[in-house]
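*Asks:* Sharing a structure, written as structure tokens. Questions coming.
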Amino acid sequence: SMYGAREVDDTQAPGLLRIVRELAGRAGLPMPRVYLIDSDQPNAFATGRNPQHAAVAVTRGLMQRLPEHEVAGVLAHELAHVKHYDTLTMTITATLAGAIGMLANFLFFFDGARNDERNHPLGLVGGLLMMLLAPLAATLVQLAISRTREYAADRGGAEITGQPMWLAQALAHIQDSAAHIPNEQAEHNPATAHLFIVNPLSGAHLDSLFSTHPPVEDRRARLSARARQRSPWRGG
């Protein structure tokens, strides 16, 4: 609901539902709920705590700007997230990172009050460093896990379709479009950017310690290396 997505069925998006249904069957997953987001930027994400309560969402731009085989590559990636319980994993990771930040703040103020009474300024400095560094370390671990899960979903999606280059080509097209087509909903909710297959935020494609996504070039290189291992899904 944060992205204004609307659920679609076979009468509203028969082509999309057909692709998802066939891919879910190949992946051994129950049919997820399917949503369409009113955004020109091609992108997609999956959510749900387990395969029985999963949903995949694609933007209007994805359906309009990418050919069907690339859409299938993207959807296979998202279904791999569902199969690997990645949404649940990242929810737990984010919760732990937030808890560590709150605990560090609590300990800083608690220890700071004691050190003020005892006049130990070095202890206060140590508490300040802990308050700053503990949440930073937790965030870096969270981002590293997010990047690892993207690589795993790329691999899983390629296994579902048997065509790694479908996803590799889609990643290039999505990245190029995301660079000049804004996703307004994502810009207003940057904390959800990690959900998407490619970072939807403008100017946010550099691979750094604080990136939620691995670089597309690296992802495409890994997919290309798998391109000889094919078991084609031909669709429709």
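The values are calculated or read from the model by the stated rules, or taken from the named source; none is laboratory data. Since we're looking at a predicted model, the values are computed, not measured. Note that each Cβ is placed from the backbone with ideal geometry, even for glycine, and that neighbours are counted across all protein chains shown. Note: areas computed on protein heavy atoms with side chains; ligands, DNA, RNA excluded. Shrake-Rupley method; radii C 1.70, N 1.55, O 1.52, S 1.80 Å.
*Asks:* What tally of residues in segment 41-83 results from selecting those that are in a strand (DSSP E or B) and farther than 18 Å from Arg219 by Cα?
*Replies:* Adding up the residues that qualify gives 7.
*Asks:* Another question about this same structure. Within segment 209-227, is there a residue that is at pLDDT below 80, in a loop (DSSP other than H, G, I, E, B), open to solvent by less than 70 Å² (accessible area, probe 1.4 Å) and more than 24 Å from His69 (Cα to Cα)?
*Replies:* Within segment 209-227 (the criterion being at pLDDT below 80, in a loop (DSSP other than H, G, I, E, B), open to solvent by less than 70 Å² (accessible area, probe 1.4 Å) and more than 24 Å from His69 (Cα to Cα)), the answer is yes, since at least one residue qualifies.
*Asks:* Give the number of residues within segment 157-205 that are at pLDDT below 85 and among the hydroxyl-bearing types (Ser, Thr, Tyr).
*Replies:* Number of matching residues: 2.
*Asks:* Looking only at residues in segment 142-176 that are within 16 Å of Arg219 (Cβ to Cβ) and polar (S, T, N, Q), which one is surrounded by the fewest Cβ atoms within 10 Å (Cβ to Cβ)?
*Replies:* By that ranking, first place goes to Thr148.
*Asks:* Which residue is nearest to Thr11 (Cα to Cα), if the candidates are limited to segment 58-70 and must be among the hydrophobic types (A, V, I, L, M, F, W, C) and surrounded by fewer than 24 Cβ atoms within 10 Å (Cβ to Cβ)?
*Replies:* By that ranking, first place goes to Met63.
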